Every structure is written in structure tokens, then in C-alpha cells.
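The block underneath contains the structure these notes are about, expressed in C-alpha cells.
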Amino acid sequence: MKILVVEDDVLLIDFVARCLKESGFEVQTTKNGEKGYKLAKANHYDGIVLDINLPDMLGTEVCKLLRCEGIKTPILFLSANDSKNDKVEGLNLGADDYLVKPFNHDELIARVKALSRRPMSYVQEIICYGDLSIDSSKREVRVGTKVLRLTPKEFQLLEVLARNSGV
């Protein structure tokens, strides 16, 4: 199984890569969110371990872009942010799991193995079509950065059309 690890902390990326390799995973690493995004688009991975607080492109943005493009690779967020709201936001953006730093070796391996057992089908929380993004969890529609005000029926209709547009 091939895992992509995107983490900017040199010591942590080495630790995560070593743990995964010792457990039989093939591992590719990068310390850069934008490069991680490009690697995830261009290659097949069985899972992505993704730090949230990356200096060049936040992991949440990487996740959102991948999900908007229909990439279903399971994503495990790593983060020092441990509030319930941070975890909920990460999962609503399309991550499959969320692990708070510091963590132990056994928990990391167990979570990556659990991700690999899940089917790669999910209901997309954020649907993108050009500049239009529809966030199902927040029931929010944006064109670029502008939030559109829609009635519940308008939102429901737009969401159904977007989900079935073949994008």
C-alpha cells in the first residue's frame, strides 16, 4: 500500500515515514502543501497523511481542492489543533480521520490501516463547478468569495443539479 505524507516538520515527517515503512507501507513524502496536492492529483495513493498547518498551502485547502476534483483517496489529517470545532471542520471538508499531535506510533498505524479498509466512495460535502462551490454540511453556496443567499428549496435543487451534472 502506498501512502503520501505531507508534513513540514522535518522530525515528524521522518518519524511518520519510518513508522509506516516499518509496518509495510510504501511511503512518499513532501514538506510542501502545493507539491502534496500535485502529487495526490498525479499519482495513485491508498491514503494521504496530511498536516493541516503547512506554510505554503493549508492542508484544509489541499483536502478541499482534492475533493472538489473528485479525488477520493482517504485522508488522515494531522494537527496540533485539538478543539472539537477544528476536528469537525476537518472532517466536513472531506478528511476521513483526524489525529491530534502528539500521537503515538500504534495509533497512527491503526488509523492508516483503518482508512485502507474503507471503500473509496463517499458523499462529497463540497461540490465545485467553476467558481461555484456548494458546501452541503454548512448549506452554503459561494461564487468566488461571495456567499449567495438561497431558500432551502433553491439550495436543495442546486445541490441535486450539481451532484448530477457529471462533473
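Our coupling estimate for the stretch 76-81, obtained by passing each phi through the Karplus curve with A = 6.51, B = -1.76, C = 1.60 and θ = phi - 60°, is 10, 6, 10, 7, 7, 6 Hz, Gly and Pro reported as x. Against the main long axis of the alpha-carbon atoms of the chain, helix 33-42 sits at an angle near 80°.
Using 0.36 nm per residue, how much length does the chain from ALA114 to MET57 gain when fully extended, once their Cα-Cα distance is taken away?
On the way: separation 57, 0.36 × 57 = 20.52 nm, distance 2.67 nm.
Once the chain is fully extended between ALA114 and MET57, it gains 17.9 nm.
Can you give the accessible area per residue of the chain, in Å², using a 1.4 Å probe? Mind showing how you got there, number by number?
Details: 9270 Å² over 167 residues.
In whole numbers, the chain has 56 Å² accessible per residue.
With contributions of -39500 (n - 2.57) from each DSSP H run of at least four residues, the per-residue ellipticity at 222 nm computed over the chain stands at -12000 deg cm²/dmol.
With all protein chains present, how much of the accessible area of the stretch 1-96 (probe radius 1.4 Å) comes from carbon and sulfur, to the nearest whole percent?
Values: 2090 of 4450 Å².
Of all accessible area on the stretch 1-96, carbon and sulfur atoms account for 47 percent.
Per-residue Karplus couplings for the stretch 86-97, computed as 6.51 cos²θ - 1.76 cosθ + 1.60 with θ equal to phi - 60°, are listed in order as 4, 5, 4, 4, x, 5, 5, 6, x, 5, 8, 7 Hz, Gly and Pro entered as x.
Just so you know, the Cα atoms of the chain work out to an Rg and Dmax of 16.5, 53 Å.
Taking 37 °C and 0.692 mPa s as conditions, the stretch 25-94 diffuses translationally at an estimated 268 µm²/s according to Stokes-Einstein applied to its Kirkwood radius (Cα pairs).
Please work out how much length the chain gains when fully extended from PHE15 to LYS35, using 0.36 nm per residue of separation minus the C-alpha to C-alpha distance, in nm with one decimal. The partial results should precede the final answer.
Working: separation 20, 0.36 × 20 = 7.20 nm, distance 2.00 nm.
Working it through step by step, the gained length comes to 5.2 nm.
Between the helical axis of 152-163 and the longest alpha-carbon principal axis of the chain there is an angle of about 60 degrees. Over the chain, calculate the relative contact order: mean separation of alpha carbon pairs under 8 Å at least 6 apart, over the residue count, as a percent. With pairs under 8 Å counted, the relative contact order is 16 percent. Values of log10 I(q)/I(0) for the stretch 6-46 across q = 0.33, 0.34 Å⁻¹ run -1.09, -1.10, by the Debye formula with one identical scatterer at each alpha carbon and no solvent.
Residues of the stretch 95-111 with the amide nitrogen closer than 17 Å to a label point 7 Å from the Cα of ASP82, along Cα-to-Cβ, please. Counting only backbone N, you get 98-108. When MET57, MET1 are compared by accessible area of protein heavy atoms, the largest-first order is MET1, MET57, using a 1.4 Å probe. The local environment of HIS44, defined by Cβ-Cβ distances under 13 Å, has a net charge of +1 under the rule Lys, Arg +1 and Asp, Glu -1. Compute the long axis of helix 105-117 from its Cα atoms, compare it with the longest principal axis of the Cα atoms of the chain, and write down the angle in degrees, 0 to 90, nearest 10. Relative to the chain, helix 105-117 is tipped by roughly 50 degrees.
The values are calculated or read from the model by the stated rules, or taken from the named source; none is laboratory data. Bear in mind that the values here come from a model prediction, so they are computed numbers and not experimental data. Positions of Cβ are generated from backbone atoms using ideal geometry, with glycine treated the same way; all protein chains shown enter the neighbour counts. When the accessible area is computed, the model is the full protein with side chains, heavy atoms only, and any ligands, DNA or RNA have been set aside. Shrake-Rupley method; radii C 1.70, N 1.55, O 1.52, S 1.80 Å.
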